[in-house]
Amino acid sequence: MSKTVLPDHMTDLLSPVAVKDPYMYFGKYREISPVVWNPQWKGWIFTSNATVREGLAGDTMTSDRITRFEDQLTSRAGGDQNADIIYRTMVQWIVYATPPRHTHLRLLLSKPFSPRAVKNQKAVVETIIAELLDELEQKIKNKPGPVDLLREYAAQVPARVISRLMGIPDQDAAKLGHWSEELTLLILGAMGAEDRHSRAKEAFIELENYVRKMVAARRKNPGTDLVSDWVAARDSNVGLTEEELISSCILVIFGGHETTMNLIANSLLAVHQHPAARQALIEGSVDSAMAVEEFLRFCGPTRSILRDVAKDHEVAGQTLRAGERALFVLAAANQDPGAFEDPGTLKLDRSPNRHIAFGTGIHQCLGAPLARLEAQVAIPEFVRRFPGYRVLTEDPEWQPLLMTRGLKALPTEVL
Amino acid sequence: MPTVNYIDPAGIQHEVEVPLGQSLMEGAVRDGIVGMLGECGGNLSCVTCHVYIDDAWFDRVGPALEGSLEEELLDNVSAERLPSSRLSCQIHIGAELDGVVVRVPPRQT
Ligand code: HEM
């Protein structure tokens with residue numbers, strides 16, 4: 001039996017340095033051991049590409065951590081009714097499901113987000129992004145001065161795209177985005193800030209109400225959107241429950257928002273900091289699909305993923321016990337020198353580039369094709385429209401979140 | 001060790017040794033074959049390990065089983081679905097597949 005334990009001064013997962021530069025911070029973990037016990041967080045931390053990949057793709061771990069959430073939610077809320085509603089919705093989420101229910105649900109939900117379906121949405125996404133860039137240009141003309149690209153552009157892209165795919169009117173898109181951002185605090189491991197927890201709960205309830213009304217409306221009046229497709233699937237008795245339908249709608253609104261928003265903002269910051277990358281995007285001398293893979297690797301929005309150990313096993317010389325928790329640090333796996341040459345260097349034409357920004361295994365991101373498409377249009381098109389844009393801080397602040405790599409704001413002079 | 005011939009999207013053929021029991025997806029990923037993703041690691045979640053089996057080999061490899069998850073998921077692939085389409089994570093190398101030829105489609109996502 002063996003357990004390598006981090007020294008006390010290295011255990012704060014949200015210390016200023018861990019938040020500012022998780023690549024360096026978790027790189028130090030990796031040097032001690034690619035799988036290491038964090039006594040403060042009370043769990044295993046996976047930081048090498050090989051161990052992260054193996055742990056997520058194999059059967060040694062489980063995603064069913066929802067009972068832990070139940071404890072958290074009910075203890076925070078003092079057993080209030082809202083917490084109960086949130087729990088009943090989240091417990092249906094595919095992210096926590098295990099086979100065979102996961103397999104069944106994944107197949108049912110996969111069609112509209114499959115590579116095949118998303119390929120056909122390219123024109124829609126291009127139109128939306130052109131509109132958003134026009135709106136931004138107009139806004140700056142009317143009111144010159146710096147803008148927060150995170151809110152004024154990056155957040156608008158996923159909100160409007162998912163709204164259009166779900167048949168939701170554009171004027172509601174911003175509302176969905178806002179609710180999603182509030183929810184992050186509850187779900188992605190924000191520390192402290194009790195008042196924000198109650199705000200997150202309110203957002204959840206409003207989003208849930210919105211989705212219930214929308215589902216009822218589509219049932220009465222079906223359209224060609226994905227909600228109507230899912231309602232039809234539900235009503236044709238393929239084994240999708242009403243609660244699964246509602247909670248899956250909420251999940252795809254929420255799940256794609258923060259992530260895609262942060263990918264776009266992180267990438268625009270990276271481009272600002274790398275003049276050669278900016279030049280390549282302006283000239284179109286780099287393939288956008290390749291460039292986005294490198295942004296996903298270099299500054300992807302998912303810092304880490306949580307699992308529980310499903311069975312006793314050994315990995316990297318460590319003895320893991322069923323029931324212990326594990327943190328898979330995708331940011332570290334994506335900059336592991338054992339897997340990538342010059343991992344800390346942004347190379348837009350990197351090949352091969354087997355990053356793990358969308359996770360792997362049965363829960364590998366369902367929205368990956370859509371997220372890729374949005375980023376492949378949103379990032380290069382922004383840079384070409386505003387080739388001289390300047391981020392107004394060299395040391396931007398990052399959100400102190402366990403699972404997310406995202407900025408607090410991206411103040412920018414748009415030129 | 002059996003060899004597998006992967007023809008990448010540019011038409012270049014790569015002869016790769018793949019240990020018995022490993023999948024065609026794993027063999028390609030380990031060798032860094034361009035155009036092969038296999039993002040979910042062989043878990044039938046991502047459909048990014050799509051290949052076309054060469055006509056001369058199709059009888060020996062066979063189609064996805066009717067009613068199987070693979071068969072359903074083949075409708076989700078990005079490149080055209082052909083009768084010879086398979087998800088390469090579901091094909092495991094046995095001695096009878098020594099020399100098998102597969103084409104990697106132009107896109108996976
Ligand atoms: C850059 C954008 C995105 C990134 C980096 C990302 C990342 C991830 C990751 C790492 C996971 C695995 C979670 C785990 O294993 O516990 C995941 C799962 C998931 N993502 Fe995404 N995501 C993005 C965008 C989207 C979008 C646009 C959608 C919209 C449909 C989406 C929907 C989902 C769903 C439904 C799952 C759960 C799949 C399952 O449990 O089988 N994601 N995502």
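The values are calculated or read from the model by the stated rules, or taken from the named source; none is laboratory data. On a predicted model such as this, the values are computed, not experimentally measured, just so you know. Positions of Cβ are generated from backbone atoms using ideal geometry, with glycine treated the same way; all protein chains shown enter the neighbour counts. The area values use the complete protein model at the heavy-atom level, side chains included, leaving out ligands, DNA and RNA. Shrake-Rupley method; radii C 1.70, N 1.55, O 1.52, S 1.80 Å.
Tell me what the protein assembly as shown gives for mean residue ellipticity at 222 nm when only DSSP H runs of n ≥ 4 count, each as -39,500 (n - 2.57), the sum divided by the residue total, rounded to 500 deg cm²/dmol.
-14000 deg cm²/dmol
What would the Debye formula give as log10 I(q)/I(0) at q = 0.07 Å⁻¹ for the alpha-carbon point model of chain A, no solvent?
Relative scattering, expressed as log10 I(q)/I(0), comes to -0.32.
Assuming 0.36 nm per residue, please report the length gained on full extension of the stretch A:ALA50 to A:ALA233 beyond their Cα-Cα distance.
Taking A:ALA50 through A:ALA233 to full extension adds about 62.0 nm, to one decimal.
Just subtract the alpha-carbon distance of A:GLU137 and A:VAL124 from 0.36 nm times their residue separation and send over the number in nm, one decimal.
2.7 nm
Ordered by packing density, taken as the mean number of other Cβ atoms within 10 Å over each peptide's residues, highest first, how do A:373-381, A:406-414 rank?
The densest-packed peptide leads the list: A:373-381, A:406-414.
If R₀ is 22 angstrom, what is the calculated FRET efficiency for the pair B:ASP55 and B:THR3, using the beta carbon separation as r and rounding to 0.05?
0.70
Find how many whole Å separate the alpha carbon centroid of the stretch A:329-406 from the alpha carbon centroid of the stretch A:222-237.
When both Cα centres are located, 33 Å separates them.
At 0.36 nm per residue, minus the direct Cα-Cα distance, what do A:ASP349 and A:ILE32 gain on full extension? Give it in nm, one decimal, please.
111.0 nm
Which value, in square angstrom to the nearest 100, describes the accessible area buried between chains B and A on both sides, using a 1.4 angstrom probe?
So the buried area, both faces added, is about 1800 Å².
With the cut-off at 1.5 for a/c, could you classify chain B from its C-alpha gyration tensor as rounded, prolate or oblate?
Here chain B falls in the rounded category.
Averaged across B:33-40, how many Cβ atoms of other chains sit within 10 Å of each residue's Cβ atom?
Mean shielding by partner chains, rounded to a whole number: 4.
Per residue of the stretch A:170-183, what does 6.51 cos²θ - 1.76 cosθ + 1.60 with θ = phi - 60° give for ³J(HN,Hα)? Whole Hz please, x for Gly and Pro, Karplus curve as stated.
Result, rounded to whole Hz: 3, 5, 8, 4, 4, 4, 4, x, 4, 4, 4, 5, 5, 5.
Lysines near A:LYS122 by alpha-carbon distance under 21 Å, same-chain residues fewer than 8 away left out - which ones?
Answer for A:LYS122, where 21 Å is the Cα cut-off: A:LYS111, listed by chain and number.
Taking the solvent-accessible surface of protein heavy atoms with a 1.4 Å probe, what is the per residue accessible area of the stretch B:3-103 in Å²?
43 Å²
In peptide A:115-126, what is the residue-averaged number of other protein chain Cβ atoms found within 10 Å of each Cβ?
3
When the accessible area of each residue in the stretch A:350-390 is compared between its chain alone and the complete protein assembly (1.4 Å probe; ligands, DNA and RNA ignored), which residues differ by at least 30 Å², being lower in the assembly?
A:ARG354, A:ILE362, A:GLN364, A:ARG372
Roughly speaking, to the nearest percent, how much of the stretch B:3-103's 1.4 Å accessible area is carbon and sulfur?
Of all accessible area on the stretch B:3-103, carbon and sulfur atoms account for 48 percent.
Please give, to one decimal in nm, the separation of the simple spin-label points placed at B:ASP98 and A:ARG321, each 7 Å out from Cα toward the Cβ.
For B:ASP98 paired with A:ARG321, the spin-label model returns 4.9 nm.
Are any of the pairs A:LYS3/A:LYS42; A:LYS139/A:LYS175; A:LYS139/A:LYS213 more than 21 Å apart by Cα-Cα distance, and if so, which?
From A:LYS3/A:LYS42; A:LYS139/A:LYS175; A:LYS139/A:LYS213, over 21 Å: A:LYS139/A:LYS213.
Just checking the output field for B:74-87: average partner chain Cβ neighbours within 10 Å of each residue's Cβ?
Neighbouring Cβ atoms belonging to other protein chains average 2 per residue here.
Label 7 Å along Cα→Cβ of A:LYS175; the stretch A:207-229 residues with amide nitrogen under 13 Å?
The answer is A:207-215, whose backbone nitrogens lie closer than 13 Å to the label point.
Taking the Cα centre of each part, how many Å lie between the stretch A:1-65 and the stretch A:94-141?
Computed from Cα coordinates, the inter-centre distance equals 31 Å.
Report the local net charge at A:SER2: Lys and Arg +1, Asp and Glu -1, summed over other residues whose C-beta lies under 15 Å from its C-beta.
Around A:SER2, the surrounding residues sum to -1.
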